[in-house]
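Taken together, the values in this text are just the output of simple stated rules run on the coordinates, not laboratory data. Note that this is a predicted model, so its numbers are computed, not measured. Please note: Cβ atoms are built from the backbone with ideal geometry, for glycine as well, and neighbour counts cover all protein chains shown.
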Amino acid sequence: MKKDIVIKLDNVTMNFNLAQEQFSGLKDLFIMFTKGKLKFNKFSALKNVSLEIRRGESWGLIGENGCGKSTLLKVISGIYRPSSGSVTVNGSIAPLIELGAGFDLELTARENIFLNGAVLGYSKKFIRQHFQEIVDFAELGDFLDLPIKNFSSGMIARLGFSIATIVKADILVIDEILAVGDAAFQEKCHKRMQEIMASGTTVLFVSHDADQVRKMCDKAVYLSGGEIVYKGNIEEAYKLYELGGKIK
């Protein structure tokens, strides 16, 4: 792989097995399994996707719901292992995909900062050094010692965003998470994102907000039915998307 290429996907396919029958809980699932009645349909969320992204580029992933955008981000981030094909990533990744994933709702915000930091690979020493910065950015200082089960979803997302962006990664993967908090906080999030991007970080950004994509990115990938319809110029990608361009 060339030195300036930080992400390379070669004919990546991601399949999932979907149960044909609906079940109401684990008990029903177990009964159907033991009786041999549990059958699955294969669903291909990604189909032979190939893509190269160079250092410092910012790409928007666009397309209708269910087209494979989030799955592609999770494959690149290493959350999913592709069913076939190869994924090569050259650099550290900060995945802003499910903010607050790994939080324990029974623990306080203070405790969850250390817990979530550990999940993201930060040392306890690092979190101690940046603790006040995390708290100040999230604007949750008055709620540090409350269990986060009492927080709104917006407050949890703000805390997750603050922790996840405290360190500069080589690659930033963002999935529909910039609409956190009120307008003033959203603007603060955008400012931090711009600072991260200005430092040379490569960005992959999923959003249904075309204005956000145009503001954040300089290139786009248009996905439909798990396949890449177009990759390149943002305006050309949106033109195809708005016209309903599909794989021929």
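With both labels modelled 7 Å from their Cα along Cα-to-Cβ, the Asn48 to Val119 distance reads 3.7 nm.
Peptides 214-224, 102-112 ranked from most to least packed give 214-224, 102-112, packing being the mean of other C-beta atoms within 10 angstrom over each peptide's residues. What is the local net charge at Gly78, summed over the other residues whose Cβ is closer than 15 Å to its Cβ (Lys, Arg +1; Asp, Glu -1)? Once all neighbours under 15 Å are counted, the net charge is 0.
Our compactness index for the stretch 102-168, the C-alpha radius of gyration over the empirical 2.2 N^0.38 Å, is 0.97.
Packing-based ranking of 129-137, 75-83 yields 75-83, 129-137, ordered from highest to lowest mean Cβ neighbour count within 10 Å.
Here each label is just a point 7 Å from Cα along the line to Cβ, and for Ala198 and Thr88 those points are 3.4 nm apart. Normalized C-alpha radius of gyration of the stretch 194-248, against 2.2 N^0.38 Å? Here the answer is 1.21, to two decimals. The order of the peptides 55-65, 87-97 by mean Cβ neighbours within 10 Å, most packed first, is 55-65, 87-97. The order of Phe16, Phe185, going from fewest to most other C-beta atoms within 10 Å of their C-beta, is Phe16, Phe185.
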